[in-house]
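Structure first, commentary second.
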Amino acid sequence: MVNKKRISLMLFAACGYAMIHAQTDSVLLKEVLITSYLDEKPILRLPSSVAVLDSNRLHANHGQSLVPALNTIPGVRMEERSPGSYRLSIRGSLLRSPFGIRNVKIYVDEFPLTNAGGETYLNLLDVNCMHSMEVLKGPDGSLFGANSGGVLKVIPVNAKSKSSFIKIGAGIGSFGLLQQRVGLQQNFENNTLFIDQSSQRTNGYRENSSMSRDYIQLADEFRYTEKGKLKFFIFFSDLNYKTPGGLTLSQFEKDPKQARPSTQFVPGAIDQKAGIRNRTLYGGVVNEYKFTGKIKHVIAMFGSKTNFENPFITNYETRMENNAGVRTWGEYKAGNSSANFTINIGAEGQTMHSFISNYGNDFGTIDTIQAIDDVNVMQGFVFTRAALDLENKWLFEGSLSYNYNRLVFSRKVPVQTNEFHRIFAPQLMPRLAVSWLLSNYFALRAIVSKGYSSPALQEIRASDNSVNTSLQPEQGWNYETGLRLKSKNGRVWCDIATYYYKLTNAIVRRVNETGQEYFINAGGTEQIGFESQLNISIIKQRNKKFIREVEWTNACTFQQFTFSAYRNGSSDYSGNTLTGVPRHTYVTGVTIGFPFNVYFSSQYNYTTEIPLDDANTVYADEYHLVQAKIRWKVLIKERFAIDLSCGADNLLDQTYSLGNDLNAVGGRYYNAAPKRNYFVRLGFKF
């Protein structure tokens, strides 16, 4: 067990050292700006719990997935049961996400990646084709619609960059890893074009865990006048990954690399060729126009087409999804040197048609028809936000959204039925927040917000082919306070937050005796949390010393999440720890710069034990992860650069599960993560 008192003493000692040292070796860091709240704002004053993964932090690890980068943010937990199989929670549980992402709203620039059915295929994107990310923690539905977890915004390109270049890169690694990427940025007088293409292949650590993804994206920004600009974004992704399935504890300890074996009654993952194939084309256009210095309007239109296949142990599901929508908002600003007022009014709406078919799975091929359903989902909201800035010290924000969600369902096979309409009662989602800048380097904040999340389409119509007409949305109130501080020269940054979130009608996943999933409302949850983020630039110098740079980051998460009023049959789980949530998580990292542009970085992740069932009778063991990377950047005549890196993951060779199957039938909880593995990457920039 990690000595928490020792960690705290080390943290404060390091902070104190950096504060003193920074006074004599000053290199002013750039102010971090947040774009998610409809306009650029400095993070110090923002009355929200926000984290930013800039380009350096996003690409600091092996570049195979988003997991290491997102897990450096306190309150965020991302898992990957096998390559390509993402799960993500922000201040919550993964109970609703057997695979895929729910309960978190995700955007790419101005475009919602989360579809009208409540699903987000984040694994379609390639981390190497992203510029940065912003994470808004806690329910934030007032501007972004129904969610009870939080919001994530992917910024695909650096629109502020005015250079032109070509990037070429390739990488290899353990378990047959192959990566390739080509990127182009061309800047014209009034236009900037971005094209990225990438592919990734791996055999996976476990049996039946191979993954392949071919990805291409195009972004363009056309500045047609000084007041207006038009942005285009489009991507196509072909993702194919195998799912090895969960293991029992004895199987996990005997051979963690094996896929779920067959039994006398049920075939195994290899026999059934279990996996997922997702081919999606997504595109959108956004127009931004500033009528005056006070008035601005933004409108975005977007759409996607998805072909989805999922051969599973017990069936073979196919989905054809067509999604389209619009998001628009306006802004008015007024004020003077002592007071500034901003008001936004907007709306977002989406509609999706999903044709879902389930068949028998005859060793990886489609067999007899089990069910065919035709589903239309419509969801949308209107919102307004007002912000008052007094004397550049007090910032008050109030926002409100009105949310609507409707589902129209009809079964075609085995027996055709009449249309079933489900309209969830429209909901108001308010948010009130205040920030107080005590000095230029220290700010306090307080927030009250409502979270609301209607069931996703795949929860209402789950893999057991039934339609759960009684499933209710989850909702609750979140209360939090926090502080941010930085040193005078910007070399030390600290962000602390504490919150209490009471959720009712919490949605949880259950599994029947055949292994098919379904979802129920589980009373509620009470979630008490503490988060701290500390970034310190201990050394930042340009002289001829051997160590030119030392940067240290540390993230601490404490989550005391429990069920309330939760009964399942004769069992009462009230007071039990929320399934799938570790009590403590510590992630710390260091980057050291040496002469000749050589950098060494390392990251350590400690996660405490995790309850795997609602009864809290089974726990996954705590684990310690260490990653390391060495990078060498060479600039030749300012027009040609070479970037060479190599590294290792899981240096302690831990046997652990990064993505447990919660409430699994037969005790099949465990999905083994890779043991110690290595990678090498080489890139060129012209």
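The values are calculated or read from the model by the stated rules, or taken from the named source; none is laboratory data. Being a predicted model, the structure only gives us computed values, none of them experimental. Glycine gets a Cβ as well: all are built from the backbone with ideal geometry, and neighbour counts include every protein chain shown. Only protein heavy atoms, including side chains, enter the accessible area calculation; ligands, DNA and RNA are left aside. Shrake-Rupley method; radii C 1.70, N 1.55, O 1.52, S 1.80 Å.
At a glance:
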read-out: Under 17 Å, Cα to Cα: Lys pairs in region 204-343, sequence gap 8 or more or different chains; value: 15
read-out: Per-residue SASA entry for Met130, accessible area with 1.4 Å probe, Å² rounded to 10; value: 10 Å²
read-out: Inter-label distance for Thr498 and Asn340, nm, one decimal - labels placed 7 Å from Cα along Cα-to-Cβ; value: 3.2 nm
read-out: Label-point gap, in nm, between Glu513 and Asn190 - each point 7 angstrom along Cα→Cβ; value: 7.1 nm
read-out: Surface per residue (accessible, 1.4 Å probe) for region 181-241, Å²; value: 44 Å²
read-out: Positive-end extreme of charge dipole, the chain - chosen from Asn597, Ser237, Gly149 (charges on Cβ); value: Asn597
read-out: Accessible area in square angstrom per residue, region 379-491, 1.4 angstrom probe; value: 43 Å²
read-out: Set of aspartates and glutamates near Lys544 by C-alpha distance (under 16 Å), chain-local residues within fewer than 8 positions excluded; value: Asp25
read-out: Per DSSP, loop chymotrypsin sites (Phe, Trp or Tyr not before Pro) in region 517-588 with at most 11 further Cβ within 10 Å; value: Phe546
read-out: Value at 222 nm in deg cm²/dmol, rounded to 500, when DSSP H runs of n ≥ 4 in the chain each add -39,500 (n - 2.57); value: -1500 deg cm²/dmol
read-out: Accessible area per residue, Å², region 633-674 with all protein chains present, probe 1.4 Å; value: 46 Å²
read-out: Members of Lys105/Lys137; Lys41/Lys137; Lys41/Lys162 lying beyond 20 Å, as alpha-carbon distances in this model show; value: Lys41/Lys162
read-out: Spatial separation of Cα centroids for region 628-647 and region 568-621, in angstrom; value: 33 Å
read-out: Selection of GluC sites (Glu not before Pro), region 482-541, meeting DSSP coil and at most 13 other Cβ within 10 Å; value: Glu513
read-out: Accessible surface of the chain [probe 1.4 Å, protein heavy atoms]: carbon and sulfur percent; value: 59 percent
read-out: Region 427-529: trypsin sites (Lys or Arg not before Pro) falling in loop per DSSP and having at most 16 other Cβ within 10 Å; value: Lys488
